[in-house]
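The values are calculated or read from the model by the stated rules, or taken from the named source; none is laboratory data. None of the values given here were measured: they were computed from a predicted structure. Cβ sites come from the backbone with ideal geometry, for glycine too, and all protein chains shown count toward neighbours. Surface accessibility is based on the protein's heavy atoms, side chains included, excluding ligands, DNA and RNA. Shrake-Rupley method; radii C 1.70, N 1.55, O 1.52, S 1.80 Å.
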Amino acid sequence: MKRYFVIALFILLGTLTNPAFLQAQSVKITGEVSTPLDLKLADMPAFTQTNVVRKDRDGNDHTYSGVILAALLQKAGVTLGKDLKGENLTKYVSVEASDGYQVVFALAELDKDFTDRTIILATIMDGKPLAAGDGPFRIIVQDEKKPARCIKQVTGIKVVFAK
């Protein structure tokens, strides 16, 4: 019994000191922003929470709660709304996970003046915090046929001009 406890303790310590685990405890919003942000879970309730229902791979519906990604970008000073025109339409958002996986969104895909699709940075699924393998932060894309851009363990969001 003592041996199993020691093994479990080493696994726990290894997880807690793993850079990927530590890094995933916040999301940095950087790049073409006027105010870079370093968001922690404790910061999220200060924003309006939005629910998005999305099916998992088995076809089961799940309700995710989080903050609309455009609202977070707006807080960081990203050009959106009536000012999103001309060269600003060449901007894109790169989202990175703790394991290096990345997805990209055109900035216009996130703006309510261009689309009715809701994209959130979720912290809750079905009323509970995201599981360790999914969170603590996850992008959820409403009504997208494939979940490839519903990126788990988000650590960074970078706004970039296309070249």
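Where the accessible area of the range 21-79 is counted over protein heavy atoms with a 1.4 Å probe, how much of it, in %, is carbon and sulfur?
Summing carbon and sulfur atoms, their accessible area is 51 percent of the total for the range 21-79.
Below 8 Å between Cα atoms, with a sequence gap of 6+, how large is the relative contact order for the chain in percent?
Across the chain, relative contact order equals 27 percent.
Could you give the dipole magnitude of the chain about its Cα centre, charging the beta-carbon of Lys and Arg +1 and that of Asp and Glu -1, in debye to the nearest 20? Don't skip to the answer; put the middle values down first.
Working: 21 positive and 18 negative charges, 78 e Å.
The calculation lands at about 380 debye.
Can you check what the net charge comes to around residue 104, using other residues whose Cβ is under 12 Å from the Cβ of residue 104 (Lys, Arg +1; Asp, Glu -1)?
Here the charged neighbours net out to +1.
Taking only DSSP H segments of four or more residues, each worth -39500 (n - 2.57), what value at 222 nm results for the chain once the sum is divided by all its residues, to the nearest 500 deg cm²/dmol?
The helix contribution divided over the chain gives -5000 deg cm²/dmol.
Beyond 18 Å, what percent of the Cα pairs of the range 76-163 remain? Please list the in-between numbers first.
On the way: 1807 of 3828 pairs.
Of all Cα-Cα pairs in the range 76-163, 47 percent lie more than 18 Å apart.
Within the range 127-163, what residues put their amide N at less than 15 Å from the label point 7 Å along the Cα-to-Cβ vector of residue 38?
Residues 155-157 fall inside that zone.
Name the lysines eligible as straight-distance cross-link partners of residue 158: C-alpha to C-alpha under 16 Å, and not fewer than 8 places from it in the same chain.
Of all the lysines, those that pass the test against residue 158 - Cα under 16 Å, at least 8 places apart if same chain - are 28, 75, 91.
Multiply the residue separation of residue 88 and residue 163 by 0.36 nm, subtract the distance between their alpha-carbon atoms, and state the gained length in nm to one decimal.
Using 0.36 nm per residue and subtracting the Cα-Cα distance, I get 25.8 nm.
Give the relative contact order (percent, whole number) for the range 42-110; include only Cα pairs under 8 Å separated by 6+ residues.
Relative contact order here is 20 percent.
Given a 1.4 Å probe, how much area per residue of the range 26-125 is accessible, in Å²?
Numbers: 5260 Å² over 100 residues.
On a per-residue basis, the range 26-125 sits at 53 Å².
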